[in-house]
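Here the structure comes first, spelled out in structure tokens, and everything after it is commentary.
The values are calculated or read from the model by the stated rules, or taken from the named source; none is laboratory data. A quick note: this is a predicted structure, and the numbers were derived from the prediction, not measured. All Cβ positions, glycine included, derive from the backbone under ideal geometry; neighbour counts span all protein chains shown.
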Amino acid sequence: MSNILIDLKNLEKVFHTEDVETYALSGVSFSISKGEYISISGPSGCGKSTLLSLLGLLDVPTGGSYTLAGHNVTDISKEQRAKIRNKEIGFIFQSFNLISDLSVLENVELPLTYRTDLDKTQRRKLAEEALEKVNMSHRNSHFPSQLSGGQQQRVAIARAIAGNPSVILADEPTGNLDSKNAESVMELLDKLNAEGTTICMVTHDPRSASKADRIIEVLDGRVVADRRVSDIDTRALVGEESVTS
Ligand code: ADP
């Protein structure tokens, strides 16, 4: 059986607004193997969010193909996309996106309620287990506003992993955190990856990027570099950023 989880071939996304055509992605090709930890970086406007939306089945490409776990998901219906998204993809956002009037446990359980293959008891069990994994089960009945940013992101990570998805898509997961909380979130992602979770993370932070196995750099809607972190002098990577930022 193939070890490839995600395979993109010549993926293209053109936005049409009034008379303007914007090529957000112009022929992106790469694959991600099961268990890999990928970071995607590039300057603002280069197409990172568009790429993450396509990978997360939140939007459809205007060209090329996307194969997820051996299934061609390029041209499927909206309903099929939603179903596959719920089962196979976990999202982590920069701004946590927890629902303020739901408890921690309810927040983690929420995406599972769209899963027709799970009953109430199974959903509760999966949510509790996920919160234990991120060391937040002692806060199950708290509300998001009663937690620190770092704790909220841990809960958001529990929500992403609860349904045991094939891949976690993270969009600047440490962007709203101070360095101490950012480090603990990165350690948690490392731990999940060591346990077998495939992670694809968009980040402009070279320190976070260097935790991945591979760094894919995007510029003007194209992949301009795809390198294994073990082949890069990551001290230089972090140094480069501190010089330019
Ligand atoms: P990044 O995440 O790297 O900052 P984006 O993927 O958000 O980049 O954007 C890539 C390009 O596509 C930009 O030029 C942006 O203006 C354009 N774009 C993104 N979303 C839309 C949209 N919904 N409609 C029109 N243009 C868009």
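Within region 18-54, the set of residues being more than 11 Å from residue 221 (Cα to Cα), crowded, with 22+ Cβ neighbours inside 10 Å, within 14 Å of the ligand (Cβ to nearest atom) and of a type in the set (A, V, I, L, M) comprises 40, 54. With respect to the conditions (1) under 22 Å from residue 55 (Cα atoms); (2) buried (at least 22 other Cβ atoms within 10 Å of the Cβ); (3) free of Cβ contacts under 8 Å to residues at least 40 places away in the same chain, residue 154 lacks only one, and its number is (1). If the condition is being touching a residue at least 12 places away in the same chain (Cβ under 8 Å) and surrounded by 16 or more Cβ atoms within 10 Å (Cβ to Cβ), then region 125-140 contributes 126, 127, 128, 130, 131, 133, 134, 136, 139, 140.
Residue 181 satisfies every condition listed in (1) surrounded by fewer than 20 Cβ atoms within 10 Å (Cβ to Cβ); (2) more than 21 Å from residue 100 (Cβ to Cβ) except (2).
Of 62, 74, which residue is touching a residue at least 24 places away in the same chain (Cβ under 8 Å) and among the β-branched types (Val, Ile, Thr)? Talk me through it step by step, then tell me what you get.
Values: 74 fails: touching a residue at least 24 places away in the same chain (Cβ under 8 Å).
Of 62, 74, the one residue that is touching a residue at least 24 places away in the same chain (Cβ under 8 Å) and among the β-branched types (Val, Ile, Thr) is 62.
Contact map, region 22-44: residues that are more than 18 Å from residue 195 (Cα to Cα) and assigned to a strand (DSSP E or B) paired with residues that are modelled with pLDDT of 95 or more and polar (S, T, N, Q), Cβ distance under 6 Å, separation 6+ or inter-chain. Pairs shown: 24/50; 25/50; 27/10; 29/10.
Would you mind stating whether residue 84 is hydrophobic (A, V, I, L, M, F, W, C) and exposed (fewer than 15 other Cβ atoms within 10 Å of the Cβ)?
On the way: hydrophobic (A, V, I, L, M, F, W, C): yes; exposed (fewer than 15 other Cβ atoms within 10 Å of the Cβ): no.
No: the conditions fail for residue 84.
Can you find, within region 1-17, the residue that is farthest from the ligand (Cβ to nearest atom) among those that are part of a strand (DSSP E or B) and of a type in the set (S, T, N, Q)? Walk me through it before giving the result.
Here is the first cut: in region 1-17, the ones part of a strand (DSSP E or B) are 4-17.
Narrowing further to those that are of a type in the set (S, T, N, Q): 10, 17.
Details: 10: 17, 17: 5 Å.
Top of the filtered list is 10.
Could you go through region 52-63 and let me know if any residue there is of a type in the set (Asp, Glu) and more than 22 Å from residue 81 (Cα to Cα). Break it down into steps so the answer makes sense when it comes.
We begin by selecting, within region 52-63, every residue of a type in the set (Asp, Glu); these are 59.
In the following step, the residues that additionally are more than 22 Å from residue 81 (Cα to Cα) were identified as none.
No, region 52-63 contains no residue that is of a type in the set (Asp, Glu) and more than 22 Å from residue 81 (Cα to Cα).
Looking at this structure, is residue 86 assigned to a helix (DSSP H, G or I), touching a residue at least 12 places away in the same chain (Cβ under 8 Å) and of a type outside the set (Gly, Ala, Ser)? Criteria met by residue 86. Residue 170: over 22 Å from residue 5 (Cα atoms) and either aliphatic (A, V, I, L, M) or in a helix (DSSP H, G or I) (or both), yes or no? So residue 170 does not fit the description; no.
The set of residues from region 185-215 being in a helix (DSSP H, G or I), surrounded by 18 or more Cβ atoms within 10 Å (Cβ to Cβ) and not aliphatic (A, V, I, L, M) comprises 193, 206, 208.
Determine whether region 65-79 contains at least one residue that is under 16 Å from the mean Cα position of the chain (by Cα), assigned to a strand (DSSP E or B) and either surrounded by 15 or more Cβ atoms within 10 Å (Cβ to Cβ) or not basic (Lys, Arg) (or both). Among the residues of region 65-79, at least one is under 16 Å from the mean Cα position of the chain (by Cα), assigned to a strand (DSSP E or B) and either surrounded by 15 or more Cβ atoms within 10 Å (Cβ to Cβ) or not basic (Lys, Arg) (or both), which makes the answer yes. Scanning region 175-203 for residues that are touching a residue at least 12 places away in the same chain (Cβ under 8 Å), over 17 Å from residue 135 (Cβ atoms) and among the hydroxyl-bearing types (Ser, Thr, Tyr) returns 198, 203.
Inside region 92-108, residues that are in a helix (DSSP H, G or I) and surrounded by fewer than 22 Cβ atoms within 10 Å (Cβ to Cβ) make up a count of 2.
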